[in-house]
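The values are calculated or read from the model by the stated rules, or taken from the named source; none is laboratory data. Worth saying up front: this structure is predicted, and the values here are computed from it rather than measured. Cβ placement follows ideal geometry from the backbone for every residue including glycine, while neighbour counts extend to all protein chains displayed. We work out accessible area using only protein heavy atoms, side chains counted, and drop any ligands, DNA or RNA first. Shrake-Rupley method; radii C 1.70, N 1.55, O 1.52, S 1.80 Å.
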Amino acid sequence: MTTYRDRTEAGQVLADRLADLAGHSDLVVLGLVRGGVPVARQVAERLGAPLDVLVVRKLGMPWAPEVAFGALGPGGVQVLNEMVAGRLSDRDRDQVRRREQAELDRRESRYRAGRPPLDLHGRTAIVVDDGLATGATARAAVQVARRLGAARVIVAVPVGAEQAYDLLAPEADQVVAAQLPPDFGAVGAYYDDFHEVSDDEVTEALATTA
């Protein structure tokens, strides 16, 4: 098992894996808020591509938040898994949706201050996170990116579980993982420093990356 010193080092390693994309004018690198942003920053700098954030809020079952019945994205985008959502009452769905929409709006307001709405029409979107555990959030992010008009969606992570990789492979145009350990465990186990990324770190990365 190889561990990264921090998300910056992980991003540098991941950027090496994506180096053949450098110079493509249609690229945009999207950090999944919040942990994916420091990783994405390194990828964007290496590829000479603009950095932006993708705020995705998973809609979790009230009694099992890790089980998603859908997801919300910017611009009013909503993705639903009708089979799972059908197990909930309208009231329960609305309660979860309102709570997650409020947090999405808060983050969008904080991170997009002075920035135009995210527009991916005709772009190749590289969705970056600090790791893939279940793959549910990244899967939702792919669906949201496509709803926002992305022509091609690549998911890129420094480390991931093989099952999550297999889940994403049919959804994304390409999935790049620097490591796919057979006994995955948790994302944090692959970092010496896996602190919770703050809002300030996200806004600072956006302010200093082209």
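The set of residues in the stretch 48-76 being open to solvent by 10 Å² or more (accessible area, probe 1.4 Å), over 15 Å from the mean Cα position of the chain (by Cα) and at pLDDT 90 or above consists of 48, 50. Residue 156 meets each of the listed conditions (1) of a type in the set (Gly, Ala, Ser); (2) under 23 Å from residue 4 (Cα atoms); (3) loosely packed, with under 15 Cβ neighbours inside 10 Å apart from (3). For residue 110, the conditions (1) open to solvent by less than 50 Å² (accessible area, probe 1.4 Å); (2) in contact (Cβ under 8 Å) with a residue 40 or more places away in the chain; (3) part of a helix (DSSP H, G or I) are fulfilled apart from (1).
Given the residues 41, 5, 17, which is the only one that is open to solvent by 50 Å² or more (accessible area, probe 1.4 Å), at pLDDT 95 or above, touching a Ser or Thr at 6+ places or on another chain (Cβ under 8 Å) and of a type in the set (Lys, Arg)? Of the residues listed, the single one that is open to solvent by 50 Å² or more (accessible area, probe 1.4 Å), at pLDDT 95 or above, touching a Ser or Thr at 6+ places or on another chain (Cβ under 8 Å) and of a type in the set (Lys, Arg) is 41. If we scan the stretch 172-179, do we find a residue that is modelled with pLDDT under 95, open to solvent by 50 Å² or more (accessible area, probe 1.4 Å) and not small (Gly, Ala, Ser)? There is no residue in the stretch 172-179 that is modelled with pLDDT under 95, open to solvent by 50 Å² or more (accessible area, probe 1.4 Å) and not small (Gly, Ala, Ser). Filtering the stretch 124-139 to residues that are buried (at least 23 other Cβ atoms within 10 Å of the Cβ) and either touching a Gly at 6+ places or on another chain (Cβ under 7 Å) or not in a helix (DSSP H, G or I) (or both) leaves 125, 126, 127, 128, 129, 130, 131, 132, 135. Restricted to the stretch 1-69, the set of strands (runs of 3 or more DSSP E) holding at least 3 residues that are closer than 17 Å to residue 207 by Cα comprises 27-32, 51-54. Within the stretch 140-151, not a single residue is open to solvent by 30 Å² or more (accessible area, probe 1.4 Å) and closer than 19 Å to residue 11 by Cβ. Do we find that residue 79 is among the β-branched types (Val, Ile, Thr), assigned to a helix (DSSP H, G or I) and open to solvent by 10 Å² or more (accessible area, probe 1.4 Å) in this structure? Taking the combined requirement at face value, the residue does not satisfy it.
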